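The values are calculated or read from the model by the stated rules, or taken from the named source; none is laboratory data. The model shown is predicted, which means the values in this text are computed figures rather than measured ones. Glycine gets a Cβ as well: all are built from the backbone with ideal geometry, and neighbour counts include every protein chain shown. Ligands, DNA and RNA are excluded from the accessible area calculation, which covers all protein heavy atoms including side chains. Shrake-Rupley method; radii C 1.70, N 1.55, O 1.52, S 1.80 Å.
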Amino acid sequence: MGETTKSKNFFIPLGLMLFALFFGAGNLIFPASMGQHAGTNVWYAVLGFVFTGVGLPLAGVLAMGYSGCRNLEELAGRVHPVFGVCFTVISYMAIGPCFATPRTGSVSYEIAVRPFLENGGNDMIMTGFLVIFFVISYWLSATPSKLVDRIGKILTPALLITILILIAKSFITPLGVPQSPTDAYATAGTAWVTGFLEGYNTMDAIASLVFSVLVIEFIVADGVTSTMGITKEVFKSGVVAVGCLAFVYIFISKLGAESVTQMGILETGAPVLSNSAQILLGYGGAIILAIIVLLACLSTSIGLITSCATYFQLILGHFGYKTYVAIFSVFSFGVAMFGLKTIIVAAIPVLMFVYPIVVVLIILTFLHKSFGGRQCVYAWTVGLTMMPALINGTQTAKISLGGIDTFFNTMVPLHSLGMGWVLFALAGFIIGLVWKGVSSSKESPAA
């Protein structure tokens, strides 16, 4: 028999904790907005969104457990130690204080507070709310050993119940029927690709390589120490988490697609959700939505601050864990003050660069044994992947590179769809294998 945890069905609260850590601001607003734009092609878009928003996080959690690595830095260090540090810092900052953590506070205010204020409130009220939000995040993050009890057993069930109520009512009294899709979702193929790229915005594939460290620590603490045992328990917890994610994504996208009949296509997913709740459940619906948003965003904020503080204390030292928690809480508050729209727009170019690298690292982790873990394979594959990923990032940020842009737009297949990195990654993998085969150097396998 394989090694198992001491606590029976420990993977269930652990999986719910992981779901709560994943499920935050973007997981609510992006599927709703996507559903509106996808219209009658919503299910094709959902398939693409689920691939990056559900499949990749599960693969990331499983890859970390399978790899035997202690953290993302060690995993990325298979490319090169310097790359490992740089990529990990970029990833933590992206899903932490620069984008994802501030977004949790901003979305909470936009959906859970602003609708209840006369004339939409003002900057002073927003500042006061964000102060309270990040003070609570600091308090809960300061004692991470209680995460399973506080999140997995208490907050997450309440979160799922409120979502189920809203979804159930949408079936009883539908808002309408899906309308014609917008240009980006005009065909089944383009709808899938656009949905695939929309899944980047959740940042969950990146987060999976970070949060899985917490999951593994809890599993080891509960008595599992072998790589195979850890992988098995991580997989079970991951299935619980992404199963919940998939359910929510599917039905929030459906809700968004049906909402166009009554409210038209709105700028973001935030008013789609708030308006839908008002129509379906009245004033009480707005309160239910406020609960959903606050629980989801607070849970994610706690997980992100905890993970960032743990990592930076490890690589920098100097201060204690709680000091880093305070630093990231204050930094996130400062960024959140710029507003939701600014945070979303600023994050997209970074995600277009980071996500392809994350996907390639996950795939290489599962193929690790097939090429003997040789560093040259990691380096060539990731190195070539970075080229089109970087170009996609600069183009999304509207930074012109002149002839380089022209070359990639006209000569690289799938680049205009944001997928040109796929062929580059494949070419890098093949070159890496050839290099491995003909190299006369005694290169050491990656850890």
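Overview of values
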read-out	value
Net charge dipole size for the stretch 173-302 [Lys, Arg +1 and Asp, Glu -1 on Cβ; Debye, nearest 20]	200 debye
Neighbourhood charge, 14 Å Cβ-Cβ cut-off, centred on L273 and excluding it, Lys, Arg +1 and Asp, Glu -1	0
Additional length obtainable on full extension of the chain from I327 to V82, 0.36 nm per residue less Cα span	85.7 nm
Protein accessible area in the stretch 10-337, 1.4 Å probe - carbon and sulfur %	71 percent
Estimated dipole of the chain in Debye, rounded to 20 [Cβ of Lys and Arg +1, of Asp and Glu -1, Cα centre]	740 debye
With every protein chain in place, the stretch 344-438: carbon and sulfur % of accessible area (1.4 Å)	77 percent
FRET efficiency, 1/(1 + (r/R0)^6) with R0 45 Å, evaluated for I125 and A168 via beta carbons	0.85
Most positive-pole-ward Cα, S301, L164, G195, against dipole of the stretch 147-301 from beta carbon charges	L164
Calculated from backbone phi, Karplus (6.51, -1.76, 1.60) coupling profile of the stretch 294-301 in Hz, x at Gly/Pro	4, 5, 5, 6, 5, 4, 5, 4
Pairwise centroid distance, computed over Cα atoms, of the stretch 352-418 with the stretch 239-310, Å	31 Å
Estimated vicinal HN-Hα couplings, Hz - the stretch 135-141 in sequence order (Karplus 6.51, -1.76, 1.60; Gly, Pro = x)	5, 5, 4, 4, 4, 6, 6
Spin-label pair R70/I265, simplified geometry with 7 Å Cα→Cβ offset, distance in nm	5.0 nm
Calculated P(r) tail over 26 Å for the chain, as whole % of Cα pairs	56 percent
Accessible area of the stretch 344-438 divided out per residue, in Å², using a probe of 1.4 angstrom	45 Å²
Value at 222 nm in deg cm²/dmol, rounded to 500, when DSSP H runs of n ≥ 4 in the chain each add -39,500 (n - 2.57)	-24500 deg cm²/dmol
Distant alpha-carbon pairs in the stretch 344-438 (separation over 23 angstrom), percent	28 percent
Candidates A158, A347, A425, ranked by Gaussian network fluctuation over the chain, Cα under 10 Å, top entry	A158
Other-chain or far-sequence residues with amide H under 5 Å of F319's (modelled H)	none
5 angstrom amide H check on R374, placed H, neighbours 5+ away	A446
Mean separation of Cα contacts under 8 Å (6+ apart) over length of the chain, as relative contact order %	31 percent
Vicinal HN-Hα couplings computed from phi for the stretch 96-101 (Karplus, 6.51 cos²θ - 1.76 cosθ + 1.60; Hz; Gly/Pro x)	x, x, 7, 10, 5, 5
Average accessible surface area per residue within the stretch 10-337, 1.4 Å rolling probe, Å²	35 Å²
Cα gyration tensor category, rounded, prolate or oblate, for the stretch 228-289 with a/c compared to 1.5	prolate
Length released on extending from V135 to L314, taking residue separation times 0.36 nm less the Cα-Cα span	62.1 nm
